Amino acid sequence: MDTNAVLDLVHEVQGQLWVDKVNEAHRTGRLCQWVSTFHPDKLPCQLDGSFYYGAFNAGIKMVFSDSTAWMVRFPRVGRVSDDYTDEKVAVEVTVLNLIRNRTTIPVPTVHAWGSASSNMIGLGPFIIMDFIYGVSLSDLLKDPDAERPTRLMKEDISDSEIKAIYRQLANFMLQLFKLDFGRVGSLPSPTAVAQSPTPNRPLTFKAHSILQNGGVDTFGDRDQGFTTTTEYFQYVIGQDWKQLLDQSNSAFGVYDAQNKYLAFKVLKDLIHDFVNPKYDRGKFKLICDDLGLANLIVRSKEDLTVVGVVDLEWSYIGPAQLFGSAPWWLLQDRPVNSVWDYNGDEPPKIAARYFKCLDIFMHVLEEEETKMPGNEERELSSLIKWSQASGAMWLHMLLSSGFNECRSFPFMQLRRHLGDTEWAKREMEFDNAEELEEFTARKLGELDRYDAALEKLEGDKELVDSRRMTKEEFIAKAIEEHNCPHLYSQRGHKK
């Protein structure tokens, strides 16, 4: 389903205001002076190059007078919910320290970090870490000739290069799989104290994106935890259902509304069929929802040795079968994205590439298992093979992402695995004409109001672009007229 474009417009302007603030801090010298306070010898520094922009973070390379280079990184306003920026940063610091202390995975050393309230120049929470010299693998894998921007791995990459990349990620996964935890939930903050206990329900990529880009809070009571994989999966699928119910533009017509209603009802009903009983009550593993090829920094275009693994937000403790599943990241892009969608009953052409790459990954994973002591039972590769044979891999992809569509690649693959007859049978159990009619009427009414609000806001955005309305006026008006108080940014605007 689509994001809420009303929120997207406001977030865009909020992000522009924050960038203005960062630029002003640099222009006046306050940014460099602030960074220098964290150096052991308080050495002066200067910005080297331009900003590094990722999906959720903005980073700047700072070089000190002794040639030491640090990366100063902030969550991007407009991309990360202001209610969760502090927690996002704290969790990432925890996971970086955990991985550095218990594996050989090359993650940067954290030199300093802090919450929004501790940032004296008012730019929000931050992490200051080693700058890793190298090349973003994501940039190397992108197709420069693509008709439109895409994260899909380019086609003119050799199998030997793919193997070299996958082999290193397989090794990292095997190391992480050795780490066992006692429950599903959040990682503790580096400064967690009894007065502010760690929430049981984790800050996931999915729950955050539904909130930030759909305007729907699906976290529920974060003090309520989970004792089994089944309970956790039911909670996560419930997030999709709540998004469908509460996001004003979650359906765009009668057929779409009814189709989604039945499909998500069936999805909720399927959970028990796809839980591996061996792992229902443990072991639990370190999950990073966004870990994939785009997180890797390699030495150079010619040398694909991974020298850094970065951007490990959205990390938490989760079910082992969610970790040990056929990876979504094999072609770099998420299979829930529209370029993967089925055309009628025809799978996308990209499906053949995905399955070929999955075979390559499984081959190198099994080779790495043989080399690494303690993997005689080949537990990880066996669990991934189970996810393939059982069809659970498709459910896992849906569990890890929001804005799911019934025609998406993993959704359709799950339906095909179950079989058309069984799927239709399950849909019939929820085919209540009165409920469907009531639901559809409500969603179409919400959509009409959404379209009117979006048209009005787009007109205001044109005023901003032509400098006939200030960015601050635009945001204040949007919050007042569209009843979106959560849009206030804690980095420059108070709730």
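I'd like the full set of residues that are within 17 Å of Ser400 (Cβ to Cβ), surrounded by 20 or more Cβ atoms within 10 Å (Cβ to Cβ) and either not assigned by TED's automatic domain parsing to the domain that holds Asp311 or not aromatic (Phe, Trp, Tyr) (or both), limited to the range 210-235.
Result: Ile210, Leu211, Gln212, Asn213, Gly214, Thr218, Thr229.
For every residue, the table says whether it meets (1) in contact (Cβ under 8 Å) with a residue 24 or more places away in the chain; (2) over 23 Å from Val80 (Cα atoms); (3) in a loop (DSSP other than H, G, I, E, B).
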site: Thr198; (1), (2), (3): no, no, yes
site: Ala207; (1), (2), (3): yes, no, no
site: Val216; (1), (2), (3): yes, no, yes
site: Gln224; (1), (2), (3): yes, yes, yes
site: Gly238; (1), (2), (3): yes, no, no
site: Trp241; (1), (2), (3): yes, no, no
site: Ser250; (1), (2), (3): yes, no, yes
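Which of the numbered conditions does Gly402 fail, given that it passes all the others? Conditions: (1) under 26 Å from Gly215 (Cβ atoms); (2) in contact with a helix residue (DSSP H, G or I) (Cβ under 7 Å, 6 or more places away or on another chain); (3) modelled with pLDDT of 95 or more.
That leaves (3) as the condition not met.
When you check Glu368 against the structure, is it under 18 Å from Leu291 (Cβ atoms) and either outside the structural domain of Arg415 (by TED's automatic domain parsing) or not basic (Lys, Arg) (or both), yes or no?
Numbers: under 18 Å from Leu291 (Cβ atoms): yes; either outside the structural domain of Arg415 (by TED's automatic domain parsing) or not basic (Lys, Arg) (or both): yes.
Criteria met by Glu368.
Being among the charged types (D, E, K, R) and in contact with a Gly (Cβ under 9 Å, 6 or more places away or on another chain) narrows it down to one of Lys154, Lys178, Lys163, Lys142, so name that one.
On the way: Lys154 fails: in contact with a Gly (Cβ under 9 Å, 6 or more places away or on another chain); Lys163 fails: in contact with a Gly (Cβ under 9 Å, 6 or more places away or on another chain); Lys142 fails: in contact with a Gly (Cβ under 9 Å, 6 or more places away or on another chain).
The unique qualifying residue is Lys178.
Name the residue, out of Val364, Val339, that is among the aliphatic types (A, V, I, L, M), in contact with a Lys or Arg (Cβ under 7 Å, 6 or more places away or on another chain) and either at negative phi or not in a helix (DSSP H, G or I) (or both).
Values: Val339 fails: in contact with a Lys or Arg (Cβ under 7 Å, 6 or more places away or on another chain).
Answer to the check: Val364.
Tell me, please, whether a residue that is assigned to a helix (DSSP H, G or I), more than 23 Å from Glu427 (Cα to Cα) and of a type in the set (Ser, Thr, Tyr) can be found in the range 299-307. Show your work before the answer.
Our first condition is that a residue be assigned to a helix (DSSP H, G or I); within the range 299-307, this holds for none.
There is no residue in the range 299-307 that is assigned to a helix (DSSP H, G or I), more than 23 Å from Glu427 (Cα to Cα) and of a type in the set (Ser, Thr, Tyr).
Inspect the range 434-448 for any residue being aromatic (Phe, Trp, Tyr) and on the phi > 0 side of the Ramachandran plot and give the result as yes or no. Before the answer, list the steps.
Of all residues in the range 434-448, those aromatic (Phe, Trp, Tyr) come to 439.
Adding the requirement that they be on the phi > 0 side of the Ramachandran plot leaves none.
No, that holds for no residue.
Looking at the range 4-24, which of its residues are over 18 Å from Phe403 (Cα atoms) and of a type in the set (Gly, Ala, Ser)?
Gly15
Would you point out which residue out of Ser300, Ser325, Ser338 is among the small types (Gly, Ala, Ser) and crowded, with 22+ Cβ neighbours inside 10 Å?
Result: Ser325 is the single residue among Ser300, Ser325, Ser338 that is among the small types (Gly, Ala, Ser) and crowded, with 22+ Cβ neighbours inside 10 Å.
Step by step: first the residues of the range 446-475, then only those that are in contact with a Leu (Cβ under 6 Å, 6 or more places away or on another chain) and within 21 Å of Gly214 (Cβ to Cβ), then the one that is surrounded by the fewest Cβ atoms within 10 Å (Cβ to Cβ). Which residue is that?
Lys461
Would a scan of the range 414-427 turn up a residue that is surrounded by 12 or more Cβ atoms within 10 Å (Cβ to Cβ) and under 30 Å from Ile475 (Cβ atoms)? Working first, answer last.
From the range 414-427, those surrounded by 12 or more Cβ atoms within 10 Å (Cβ to Cβ) are 414-418, 422-427; that's our starting set.
With the extra rule that they be under 30 Å from Ile475 (Cβ atoms), the set shrinks to none.
The answer is no, given that none of the residues of the range 414-427 is surrounded by 12 or more Cβ atoms within 10 Å (Cβ to Cβ) and under 30 Å from Ile475 (Cβ atoms).
Considering only the range 64-88, state which residues are without any contact (Cβ under 8 Å) to a residue 40 or more places away in the chain and β-branched (Val, Ile, Thr).
Step one: of the range 64-88, the residues without any contact (Cβ under 8 Å) to a residue 40 or more places away in the chain are 64-68, 86.
Result: Thr68, single match.
Filter the range 373-416 down to the residues that are of a type in the set (Gly, Ala, Ser) and either part of a helix (DSSP H, G or I) or under 27 Å from Asp217 (Cα atoms) (or both) and list them by number. First the steps, then the outcome.
Of the range 373-416, the ones of a type in the set (Gly, Ala, Ser) are 374, 381-382, 387, 389-392, 400-402, 408.
Correct list: Ser381, Ser382, Ser387, Ala389, Ser390, Ala392, Ser400, Ser401, Gly402, Ser408.
Which of (1) touching a helix residue (DSSP H, G or I) at 6+ places or on another chain (Cβ under 8 Å); (2) surrounded by fewer than 19 Cβ atoms within 10 Å (Cβ to Cβ) does Lys356 not meet, given it meets every other one?
Result: Lys356 fails condition (1) only.
Filter the range 126-149 down to residues that are in contact with a His (Cβ under 8 Å, 6 or more places away or on another chain) and not charged (D, E, K, R) and give me whichever is surrounded by the fewest Cβ atoms within 10 Å (Cβ to Cβ). I'd like the intermediate steps shown before the answer.
Taking the range 126-149 and keeping what is in contact with a His (Cβ under 8 Å, 6 or more places away or on another chain), we get 128-130.
Those left that are additionally not charged (D, E, K, R): 128-129.
On the way: Ile128: 18, Met129: 22.
The residue in question is Ile128.
Quick check on Leu123: is it touching a strand residue (DSSP E or B) at 6+ places or on another chain (Cβ under 6 Å), among the aliphatic types (A, V, I, L, M), surrounded by 17 or more Cβ atoms within 10 Å (Cβ to Cβ) and within 30 Å of Gln168 (Cβ to Cβ)?
Working: touching a strand residue (DSSP E or B) at 6+ places or on another chain (Cβ under 6 Å): yes; among the aliphatic types (A, V, I, L, M): yes; surrounded by 17 or more Cβ atoms within 10 Å (Cβ to Cβ): yes; within 30 Å of Gln168 (Cβ to Cβ): no.
No: the conditions fail for Leu123.
Give me a count of the residues in the range 1-38 that are without any contact (Cβ under 8 Å) to a residue 40 or more places away in the chain and assigned to a loop (DSSP other than H, G, I, E, B).
So the count comes out to 3.
Condition first: part of a helix (DSSP H, G or I), surrounded by fewer than 16 Cβ atoms within 10 Å (Cβ to Cβ) and touching a helix residue (DSSP H, G or I) at 6+ places or on another chain (Cβ under 9 Å). Now tell me which residues in the range 256-283 satisfy that. Explain how you work it out, then say what you get.
Of the range 256-283, the ones part of a helix (DSSP H, G or I) are 256-274, 277-279.
Next, only the ones that are surrounded by fewer than 16 Cβ atoms within 10 Å (Cβ to Cβ) stay: 268-269, 272-273, 277-278.
Selection gives Lys268, Asp269, His272, Asp273, Lys278.
With the requirement that a residue be over 23 Å from Gly308 (Cβ atoms) and assigned to a strand (DSSP E or B), what does the range 138-194 give you?
Phe181, Val184, Gly185, Val193
Looking at Gly59, is it surrounded by 15 or more Cβ atoms within 10 Å (Cβ to Cβ), within 21 Å of the chain's Cα centre (by Cα) and part of a loop (DSSP other than H, G, I, E, B)? Break it down into steps so the answer makes sense when it comes.
Details: surrounded by 15 or more Cβ atoms within 10 Å (Cβ to Cβ): yes; within 21 Å of the chain's Cα centre (by Cα): yes; part of a loop (DSSP other than H, G, I, E, B): no.
No, not satisfied.
The values are calculated or read from the model by the stated rules, or taken from the named source; none is laboratory data. Because the structure is a prediction, the values reported are computed rather than measured. Cβ atoms come from the backbone with ideal geometry, glycine included; neighbour counts cover every protein chain shown.
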